[in-house]
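Encoded as structure tokens, the structure appears first; notes follow it.
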Amino acid sequence: MHKAPAQLREIVRGAVEALGYELVGVELLSRPKGGHLLRIYIDQEQGIGLEDCERVSHQISGVLDVEDPIKSEYALEVSSPGLDRPLFEKAHFERFSGQVARVKLNGALDGRSNYKGVIVGVEDDAVLLQVETELEPVRLPLARIASARLVPEF
């Protein structure tokens, strides 16, 4: 997963939760033309609107200006997780057990790095994913997951 460093996640978590939102995840991505993109996903029971993103963006900007955890240039993006919600943590996979997800691994596991299936649960430090082509759930180590998102069903 494109997780941001732990220190940065904790700074962001404090600011987001102080405003009453759930922090879904924080990504720090390198941009091709230099600098970084700091992407923050927030949520709340009523959903997220543009005003919520603006409010969090303003708060985070102020906190990051003071704390200065990113030494290079960066762009800040705050958004809702959307229908294809990203899954960052073990708790996310547990919470969305029974739903369909796409999972990409850092490198192949048994000749495959892309999976789509129903999240069966989490066991130890692995996600159990029921893939159509397999009889038994596939064990995907959390440490090997590059990205994971729910697949919206309409």
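Values computed for the structure shown
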{"quantity": "Relative contact order [Cα under 8 Å, 6+ residues apart], region 90-150, whole percent", "calculated": "35 percent"}
{"quantity": "Bridge type composition, the chain - antiparallel percent by DSSP, nearest 5", "calculated": "85 percent"}
{"quantity": "Spatially proximal lysines relative to LYS116 (Cα-Cα < 19 Å; intrachain offsets below 8 disregarded)", "calculated": "LYS90, LYS104"}
{"quantity": "Rounded Å value of the spacing that divides the Cα centres of region 12-55 and region 97-119", "calculated": "25 Å"}
{"quantity": "Once the Cα gyration tensor of the chain is diagonalised, semi-axes √(5λ) in Å", "calculated": "30, 18, 13"}
{"quantity": "Cα-based reach from LYS33 at 22 Å (exclusive), listing lysines while leaving out same-chain residues under 8 positions away", "calculated": "LYS3, LYS71"}
{"quantity": "Per residue convex hull volume, Cα atoms of region 71-154, in Å³", "calculated": "129 Å³"}
{"quantity": "Tilt relative to the chain, helix 6-18 - C-alpha long axis, 0 to 90 degrees, to 10", "calculated": "70 degrees"}
{"quantity": "Extreme residue, positive dipole direction of region 1-80, given options PRO69, ILE40, GLN59 (C-beta unit charges)", "calculated": "PRO69"}
{"quantity": "Contact order relative to length of region 6-79, as percent, for alpha carbon pairs under 8 angstrom and 6 or more apart", "calculated": "35 percent"}
{"quantity": "In degrees, nearest ten, helix 50-67 long axis to first principal axis of the chain (Cα)", "calculated": "70 degrees"}
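Computed from the coordinates by the stated procedures, all read-outs in this text should not be read as laboratory data. Keep in mind that this is a model prediction, so the values were computed, not measured. Neighbour counts run over all protein chains shown; Cβ positions are idealised from the backbone, glycine included.
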